[in-house]
1. Just a yes or no: is a residue in the range 79-96 assigned to a strand (DSSP E or B), touching a Cys at 6+ places or on another chain (Cβ under 7 Å) and modelled with pLDDT of 95 or more?
2. Suppose we filter K246, K267, K182 for residues that are under 19 Å from the mean Cα position of the chain (by Cα), modelled with pLDDT of 90 or more and among the basic types (K, R); which single one remains?
3. Considering each of A151, A134 in turn, give the residue that is in contact with a Gly (Cβ under 8 Å, 6 or more places away or on another chain), in a helix (DSSP H, G or I) and at pLDDT 95 or above.
4. Counting only residues that are touching a strand residue (DSSP E or B) at 6+ places or on another chain (Cβ under 7 Å) and part of a loop (DSSP other than H, G, I, E, B), which one in the range 32-51 is least open to solvent (accessible area, probe 1.4 Å)?
5. Within the set of pairs 6+ apart or on separate chains, which have a first residue in the range 115-126 that is in a helix (DSSP H, G or I), a second that is open to solvent by 70 Å² or more (accessible area, probe 1.4 Å), and C-beta atoms under 6 Å apart?
6. Name every residue in the range 139-172 that is among the small types (G, A, S) and within 16 Å of the chain's Cα centre (by Cα), in order of residue number.
7. Restricting to the range 1-26, what's the tally of residues that are among the hydroxyl-bearing types (S, T, Y) and either in contact with a helix residue (DSSP H, G or I) (Cβ under 6 Å, 6 or more places away or on another chain) or exposed (fewer than 15 other Cβ atoms within 10 Å of the Cβ) (or both)?
8. Name every residue in the range 155-172 that is small (G, A, S) and open to solvent by 50 Å² or more (accessible area, probe 1.4 Å), in order of residue number.
Amino acid sequence: MGIVTLTLNPAIDKSTSIDRLVPEHKLRCENPKFEAGGGGINVSKAIHKLGGESLAIFPAGGPSGTLLIDLLQHDKITCKAIPTEQWTRENFIVVDHSTNAQYRFGMPGPQLSEIEALSCLEAIKAARPDYLVASGSLPPGLPADFYARVAKVAKEIDARLILDTSGEPLKLAANEGVFLLKPNLGELSKMVGVETLETDDVDDAAKEIINRGDCGIVVVSMGPAGALLVTKDGHEHIPAPTVLKKSTVGAGDSMVAGMTWSLANGKTPQEMVRMGVACGSAATMNSGTQLFKVEDVYKLYDWICTYSARYSHPNI
């Protein structure tokens, strides 16, 4: 299996819009849209948009879990659902037309039992992927070192683990060793034990993580500033094109998908991050919980490549 994604805290994303958000009033909503959500699931959906294939592994339970599976099958996403006793969570997103503001209500996930969590690990072992993407938060009940256990499994089956999470689970998994980390500036600061990082210090902080053996590649997500690619051989800044931003939902997952798809297709680290930034930027151009449009991705990718050829001075 080429690519497997792991989503330990999946969700049904329910989105709608209203004319105006007013307290204490009955608000008339437009017809809701239901979509399968959660870090790894979004990555699998984005990889499918790019023409790639992946296996999405996730726990699912109750009627909402059944709906989650149905939505993925409708989108032709290959999946392996681990049955759970508790119901899959639902999130709620509302857009206020009067201000174009987006309100995102994230619900806590169900508790996973030890047997359910181990079943997720066994599913990974059975799939034996070349690339394993673990993305998103841990649900209640799982210890902070669970992603570290995922990292250990990845090493056992010789899979390249791409990790996108935060906080203590990120630090503990990095200590176990992963192939690629995608922290933002705040997460990177915590990993190296400082409160904030100046722009000139970002590459040194990422190299510190690589030099102590925590990972081979660090891609620092810097929002509108793009991303910084750091390897043991050097670093390169990948700029983000200026676009009309409508929503940031799914942008990070789209970036991870673009990078993973590129790696699976034999692209260089520079090409990988350029595609990741293009996918993440394209995702912000769509409203609601949509990901990206493929035609937008390639337009932005071409812009990034042209800009990099003219103005970038890579250190890799």
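The values are calculated or read from the model by the stated rules, or taken from the named source; none is laboratory data. These figures come from a predicted structure and were not determined experimentally. Positions of Cβ are generated from backbone atoms using ideal geometry, with glycine treated the same way; all protein chains shown enter the neighbour counts. Side chains included, ligands, DNA and RNA excluded: accessible areas come from the protein's heavy atoms. Shrake-Rupley method; radii C 1.70, N 1.55, O 1.52, S 1.80 Å.
1. Yes, the conditions are met somewhere in the range 79-96.
2. Working: K246 fails: modelled with pLDDT of 90 or more; K267 fails: under 19 Å from the mean Cα position of the chain (by Cα).
Only one candidate qualifies: K182.
3. Being in contact with a Gly (Cβ under 8 Å, 6 or more places away or on another chain), in a helix (DSSP H, G or I) and at pLDDT 95 or above holds for just one of A151, A134, which is A151.
4. The residue in question is G38.
5. Every condition considered, the pairs that remain are A123/K80.
6. Residues satisfying the conditions are S166, G167.
7. 2
8. S166 - this is the single residue of the range 155-172 that is small (G, A, S) and open to solvent by 50 Å² or more (accessible area, probe 1.4 Å).
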